[in-house]
Amino acid sequence: MAPSSAVVDSAILLRFHTVLPRAKKDPDSGVTLYFGPKPPEGLESNWIPTAGKRVAPAVRFYSAKPEIVDRS
């Protein structure tokens with residue numbers, strides 16, 4: 001049997017949009033997001049709660065460069 005996955009509800013999407021502006025940046029100026037039922041210690045600002053559900057994130061790229069399209 002395949003594991004169940006949770007559909008992202010509007011509360012999680014709202015949290016995502018409020019996390020990005022205040023998230024701690026990585027040394028390369030990127031942002032690492034953490035999904036889970038509990039925040040990682042010291043990185044609460046980069047945490048998106050999942051209420052214990054399995055997360056299946058999806059990313060959409062507009063006008064993607066060839067490296068993204070061909071996965072190189």
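The values are calculated or read from the model by the stated rules, or taken from the named source; none is laboratory data. All values derive from a computational prediction rather than experimental measurement. Glycine gets a Cβ as well: all are built from the backbone with ideal geometry, and neighbour counts include every protein chain shown.
See the values below:
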read-out: Extreme residue, farthest from the chain's Cα centre (by Cα), among residues of segment 45-72 that are hydrophobic (A, V, I, L, M, F, W, C), exposed (fewer than 10 other Cβ atoms within 10 Å of the Cβ) and at pLDDT below 80; value: F61
read-out: Test for V31: is it at pLDDT below 75 and surrounded by 10 or more Cβ atoms within 10 Å (Cβ to Cβ); value: no
read-out: Filter pass, A23 being surrounded by 10 or more Cβ atoms within 10 Å (Cβ to Cβ) and at pLDDT 75 or above; value: yes
read-out: In segment 41-72, the residues that are touching a helix residue (DSSP H, G or I) at 6+ places or on another chain (Cβ under 8 Å) and free of Cβ contacts under 8 Å to residues at least 24 places away in the same chain; value: F61, S72
read-out: Conditions (1) part of a loop (DSSP other than H, G, I, E, B); (2) modelled with pLDDT under 75: number failed by G42; value: (2)
